[in-house]
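Just below is one structure, and these are the notes that go with it.
Derivation of every value follows stated rules applied to the coordinates shown; laboratory data play no part. All values derive from a computational prediction rather than experimental measurement. Note that each Cβ is placed from the backbone with ideal geometry, even for glycine, and that neighbours are counted across all protein chains shown.
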Amino acid sequence: MHALGWNYGPLSTEVYNLDKPIGHSFGDVEYYRRQLGGIEGSVLEPAVGTGRVLVPLLESGLRVEGCDTSADMLALCRAECASRDLAPVLHHADMADFLRPGAYSAVIIPAGSIVLLDGREATARALANFHQNLEPGGCLLIDVPAPDMATDAAPMRYWRRDDYVWTLQTLRVEYDRATNQRTEWLRYDKWHDGALVGSELQLFRLQLWSIAEFRQLLVDAGFTDVTVTADYGDAAPGPSSDNWTFRALRH
Ligand SMILES: C[S@@+](CC[C@H](N)C(=O)[O-])C[C@H]1O[C@@H](n2cnc3c(N)ncnc32)[C@H](O)[C@@H]1O
C-alpha cells in the first residue's frame, strides 16, 4: 500500500460524494448501463468508490460487485446502498491483486480509475487479473482519460452543507516526463462555523497512456477484439476527445 496520502481518506471521500453524488453522470452511467444490458452473470467494478455508478446499475437489475482499497469509500458505498435496501458484495482489495477466476461476465472501470495504478507493472498485473476473473466470452470495459500534461493548479473549489464548508485546493501539479505521470497535490479542509475541523493531503497520481500503449497492454494480458470509442458515444477517438473507452473480450 502507498504511504503518504495516496489513498482516499475521510475528507476526500466526503468531497467526492458532495461533488459527484450517487448517480451523477459524465455520460458514463448511461453508457455502462447500455453496454451491460442483457448480461445476467455477475459484473465486477474495481475501484468502485462511493457507488456512484454501481448503485444505478444495481437499480437497473444488474448484479454488480465492487472492490476498492479505501475503507472510507467502501463504508460510504455500503451506507448509500443500505439506504436504498441494496446489499452488494464489496471487497476491500487492491484491483492489481484481486483474483476470482472465471467469476464475472463483465469487468467495468469507469471514471479513469485504472490510471491511479502506479506504472506499467501494476497496470499489466491488474489487466491480467481482470482477464482471469472473466468467464470465457466475458467483456472488459475500461475508461482511460486522454493524457493531460498541464501543470497549472486548478482554482480553489468549495461545497457548503448546514454549518460546514469543505474546501479543495490544488497545492501543486507536477508532470514527470520520465515516468509519464502527473501528480496533483490536493489539500482538503473541512470547516465548522469558520474553524478548521479537519485536513487531508491527497497525492493524486495519474499514469498517462497513449491509445496504442494501452491497446498493447490489453493484448499482452490476453484480450482480443479490442475496440476504442470516445466520450461515451460510438465514434472513434479524435484529437479533442477527453475520455477513451476500451472494450475487449476474453476468449
Ligand atoms: C475516482 S474514484 C472512482 C470511483 C467510482 N468508480 C466512480 O466512478 O465514481 C477512484 C477510486 O479508486 C480507488 N482505488 C485507487 N487505487 C485502487 C486500487 N489499486 N485498487 C482498488 N481501488 C483503487 C480509490 O480508493 C477510489 O475509491
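Computed quantities for the displayed model
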{"item": "Residues Tyr16, Tyr175, Tyr158, sorted so that the one with the fewest Cβ neighbours within 10 Å comes first", "result": "Tyr158, Tyr175, Tyr16"}
{"item": "Phi-based couplings in Hz for segment 220-233 (Karplus 6.51, -1.76, 1.60; Gly and Pro marked x)", "result": "4, 7, x, 6, 10, 6, 6, 10, 9, 10, 10, 6, 6, x"}
{"item": "Rounded to the nearest 20 debye, dipole of the chain from Cβ charges on Lys, Arg, Asp, Glu", "result": "160 debye"}
{"item": "10 Å binning of all Cα-Cα separations within segment 152-201, expressed as whole percents from 0 upward", "result": "25, 41, 23, 10, 2"}
{"item": "Mean ellipticity per residue at 222 nm, deg cm²/dmol - from DSSP H runs of n ≥ 4 across the chain, formula -39500 (n - 2.57)", "result": "-7500 deg cm²/dmol"}
{"item": "Mean separation of Cα contacts under 8 Å (6+ apart) over length of segment 140-187, as relative contact order %", "result": "30 percent"}
{"item": "Under-5 Å amide H pairs with Ser42, H placed in peptide plane, nonlocal only", "result": "Ser105"}
{"item": "Neighbour-count ranking [beta-carbon atoms within 10 angstrom, fewest first] of Phe130, Phe98", "result": "Phe98, Phe130"}
{"item": "Using θ = phi - 60° and Karplus 6.51 cos²θ - 1.76 cosθ + 1.60, couplings along segment 209-218 (whole Hz; Gly, Pro as x)", "result": "10, 8, 4, 5, 4, 6, 4, 5, 4, 5"}
{"item": "Within the chain, percent of DSSP bridges classed antiparallel, to nearest 5", "result": "75 percent"}
{"item": "Normalised per residue, the volume of the convex hull around the Cα set of segment 62-109 (Å³)", "result": "82 Å³"}
{"item": "Formal net charge of residues neighbouring Leu76 (Cβ-Cβ distance under 14 Å; K, R +1; D, E -1)", "result": "-1"}
{"item": "In degrees, nearest ten, helix 119-133 long axis to first principal axis of the chain (Cα)", "result": "50 degrees"}
{"item": "Anisotropy class of the chain from Cα gyration tensor, a/c 1.5 cut", "result": "oblate"}
{"item": "R0 of 45 Å, Cβ-Cβ distance Leu18-His251: FRET efficiency to nearest 0.05", "result": "0.60"}
{"item": "Between helix 10-19 and the chain: long-axis angle, C-alpha atoms, 0 to 90°, nearest 10", "result": "80 degrees"}
{"item": "Using alpha-carbon coordinates, inclination of helix 71-82 to the longest axis of the chain, degrees", "result": "80 degrees"}
{"item": "Residues Lys190, Lys20, sorted so that the one with the fewest Cβ neighbours within 10 Å comes first", "result": "Lys20, Lys190"}
{"item": "Computed lengthening from Glu121 to His91, 0.36 nm per intervening residue step minus Cα-Cα distance", "result": "8.6 nm"}
{"item": "Antiparallel bridge percentage (DSSP; both residues within segment 45-167; nearest 5)", "result": "30 percent"}
